[in-house]
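This report concerns only the one structure given below.
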Amino acid sequence: MKGQINVSVENIFPLIKKFLYSDHEIFLRELISNATDATLKIKHLTQIGETKVEYGDPKIEVKVDKDAKTLHVIDQGIGMTADEVKKYINEVAFSGAEEFLDKYKDKMEGSGIIGHFGLGFYSSFMVADKVEIHTKSYKDEAAAHWSCDGSPEFILEEGTREQRGTEIILHIGADDVEFLEENRIRELLVKYNRFMPVPIKFGTREETIPLPDDAPEDAKPETRTVDNIINNPEPAWTKQPKDLNDEDYLNFYRELYPMQFEEPLFNIHLNVDYPFNLTGILYFPKLSNDLNLQKDRIQLFQNQVFITDNVEDIVPEFLTMLRGVIDSPDIPLNVSRSYLQADSNVKKISSYITRKVADKLKTLFNNDREDFEKKWNDIKIVIEYGMLSEEKFFEKADAFALYPDVDGNYYTYDELYNKIKAKQTDKDDKLVILYASDTDKQHSYIAAARDKGYEVLLLDSPIVSHLIQKLETSKENISFARVDADHIDNLIKKEDEAISKMTDEEKTKLDELLKDIIPSEKFTVQLEAMDSQAAPFIITQPEFMRRMKEMQQTGGGMFGMSNMPDMFNLVVNTNNDLVHAILNTKTRKKQERLINQGLDLARLSQGLLKGEELTSFIKRSYDMIK
């Protein structure tokens, strides 16, 4: 037995009202999109010579009649005949735009027609108890009037509309009276339709007529009533980059973000038509080191219709910290996240944006390196995040990612490698890249490294531990070490250990003395034979443990590390004269005082001496110099 599965119309409307869209406010976007399609269709037909009618200067008008409890959407587009109303309105989910695109697909490039689903019109029933259509086709046939109260029954009769186009009248239901408020409708028009390609009229406004240059001094300017057009039909991203200057891009940024007073650093204009269509403008704002930046500031459009500002499945995650607009007709208006994650076009778009951003950054770096260096601290968090999360971006970033030193000089990786490889290669032929995260707190360690002629980078972003881990696994035979991770001679070992001036017996005695006085839960005592001029006590923080802890705090690293207390080594120089003096001091009380003083001086250099312990150190210091 063969048959057809029929959809019960009685069940369609409850489903539309509750489940077609997650948010009822979408209905206005859908109706405006339909009106835009109708207008662009007649424009296209006039351009290709399919009709003799004049395109004119059409607009879409939205009106609220609070007394009649109606909302009107009026266009001057292609209109419909009675037969087309039957076909496009009564056959639910049959898309007129889809058929139009199919019929003229060879002549449709750049038409901007939006519709693909055919259900958009029926979103009206989410907010209306009754919907009317007054329409007249460009074919000059009789007008048609259609009405439906949300039941399976409709009325289709000859209409009275005289002009080409369509008027949709929504009789707003009692539960949705918010859509009879002008402020609410204005809010929705601005949110979804402020860049639609057809002018949208919403009410009128008063405009002052400028006085001519030769007007009398006492002349008063006149005012006139003009249409209030709430949208910009030709936003910057729809134009070619060659037709825009810096001021145009800046003005568009202000239009997008009127409450953002700080200007962007630079922009990237996206423009591709193969293998998919995509246009847009991305702006790099000034960014701090705070990873909790406000994301979702990029707005996604489909043929100038706003879809969402949650673009993480379309834009690579590291770029969600940017601002701007992306517009692609290849992304449907109404999609689920799982659809976006699986769609091949979306994946291609994400890859393209990554490549385009990398190419633009390289161009900016090559064209004006000095300016790029000035902006580095404001953009590095995006670039470093991209290097970690996108392998192709990591590869391209070698050309423009910068590594500043503590003196404010900037190097690419290759420049840095060539500068330090002679001095900072250890006895095992590994290049050791030294870095600091805080020039004030780590000043003494930086000074010790520079005394050796070593270069010290300043890497202070919150994801630096992740970044150096990535670099160590991607580059050959290198390692990073923070300058306070150990004594400088241990960080870059040039030869075998120095000969200790202490005997084994003396070292055992010193070790026992130190461990008896120094709290083991805070410090691990480590005896080292170093240069006699090196400090007697040095506090270091083991590179591996500290790095894993930092990585855990920002996502990654070893599980549970972020909750572990900070670990420190106390490196004691067995060749320093003061250490020998402490060991040979006769009284235990004096030994304790000297050891505590030396320990506190080392803690002070690391910024670890605070509160009561700092007060005790100051008092002890005064007592010692009396």
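Might you check whether a residue that is in a loop (DSSP other than H, G, I, E, B), in contact with a strand residue (DSSP E or B) (Cβ under 6 Å, 6 or more places away or on another chain) and at negative phi occurs anywhere in the range 287-303?
yes
Does the range 549-572 contain any residue that is at pLDDT below 85 and acidic (Asp, Glu)?
The answer is yes; a qualifying residue exists.
Under 6 Å between Cβ atoms, which residue pairs at least 6 apart in sequence (or on different chains) link something in the range 481-493 that is in the same structural domain as residue 444 (by TED's automatic domain parsing) and closer than 12 Å to residue 539 by Cα with a partner that is of a type outside the set (A, V, I, L, M, F, W, C) and surrounded by 20 or more Cβ atoms within 10 Å (Cβ to Cβ)?
So the pair list comes out as 483/442; 483/445; 484/442; 484/445; 484/540; 485/540; 486/540.
Can you confirm whether the range 20-27 contains a residue that is of a type in the set (A, V, I, L, M, F, W, C), closer than 21 Å to residue 302 by Cα and part of a helix (DSSP H, G or I)?
Yes.
Anything in the range 58-76 that is in a loop (DSSP other than H, G, I, E, B) and under 38 Å from the mean Cα position of the chain (by Cα)? List them, or say none.
If the condition is that a residue be in a loop (DSSP other than H, G, I, E, B) and under 38 Å from the mean Cα position of the chain (by Cα), then 58, 59 are the ones that fit.
Among all residue pairs at least 6 apart or on different chains, which show Cβ distances below 7 Å where the first residue, located in the range 603-626, is among the hydrophobic types (A, V, I, L, M, F, W, C) and the second is in a loop (DSSP other than H, G, I, E, B)?
Hits for this filter: 617/609.
Residue check: is residue 437 of a type in the set (S, T, N, Q) and touching a residue at least 60 places away in the same chain (Cβ under 8 Å)?
It is false that residue 437 is of a type in the set (S, T, N, Q) and touching a residue at least 60 places away in the same chain (Cβ under 8 Å).
Is there a residue being part of a strand (DSSP E or B), touching a strand residue (DSSP E or B) at 6+ places or on another chain (Cβ under 6 Å) and modelled with pLDDT under 90 anywhere in the range 208-215?
yes
Could you look through the range 141-157, keep only residues that are in contact with a strand residue (DSSP E or B) (Cβ under 7 Å, 6 or more places away or on another chain) and among the acidic types (Asp, Glu), and pick out the one that is nearest to residue 72 (Cα to Cα)?
So the residue we want is 149.
Look through 391, 384, 395 and report the one residue that is acidic (Asp, Glu), within 19 Å of residue 287 (Cα to Cα) and at pLDDT 90 or above.
Answer to the check: 384.
Condition test on residue 505, is it surrounded by fewer than 16 Cβ atoms within 10 Å (Cβ to Cβ) and in a loop (DSSP other than H, G, I, E, B)?
When the stated conditions are applied, residue 505 does not pass them.
When you look at residue 162, is it over 16 Å from residue 30 (Cβ atoms) and part of a strand (DSSP E or B), yes or no?
no
Would you be able to say whether some residue in the range 274-286 is part of a loop (DSSP other than H, G, I, E, B) and either touching a Gly at 6+ places or on another chain (Cβ under 7 Å) or within 20 Å of residue 232 (Cβ to Cβ) (or both)?
Checking the range 274-286: not a single residue is part of a loop (DSSP other than H, G, I, E, B) and either touching a Gly at 6+ places or on another chain (Cβ under 7 Å) or within 20 Å of residue 232 (Cβ to Cβ) (or both).
Answer yes or no as to whether residue 198 is farther than 22 Å from residue 360 by Cβ, surrounded by 14 or more Cβ atoms within 10 Å (Cβ to Cβ) and of a type in the set (A, V, I, L, M, F, W, C).
Spelling it out, residue 198 is indeed farther than 22 Å from residue 360 by Cβ, surrounded by 14 or more Cβ atoms within 10 Å (Cβ to Cβ) and of a type in the set (A, V, I, L, M, F, W, C).
Given the conditions (1) surrounded by 15 or more Cβ atoms within 10 Å (Cβ to Cβ); (2) assigned to a loop (DSSP other than H, G, I, E, B); (3) modelled with pLDDT under 65, which single one is not true for residue 110?
In the conditions (1) surrounded by 15 or more Cβ atoms within 10 Å (Cβ to Cβ); (2) assigned to a loop (DSSP other than H, G, I, E, B); (3) modelled with pLDDT under 65, residue 110 misses (1) alone.
Take residues that are modelled with pLDDT under 95 and crowded, with 20+ Cβ neighbours inside 10 Å and tell me which of the helices (runs of 4 or more DSSP H) falling wholly in the range 398-495 contain 3 or more.
Here the list reads 443-451, 464-474.
Residues in the range 343-396 that are more than 15 Å from residue 321 (Cβ to Cβ), in a helix (DSSP H, G or I) and not polar (S, T, N, Q): how many?
25
Taking the stated definitions as given, is residue 424 of a type outside the set (A, V, I, L, M), closer than 22 Å to residue 604 by Cβ and not assigned by TED's automatic domain parsing to the domain that holds residue 608?
no
The values are calculated or read from the model by the stated rules, or taken from the named source; none is laboratory data. Quick caveat, the model's predicted, so the values are computed rather than measured. Virtual Cβ from ideal backbone geometry, glycine too; neighbours counted across all protein chains shown.
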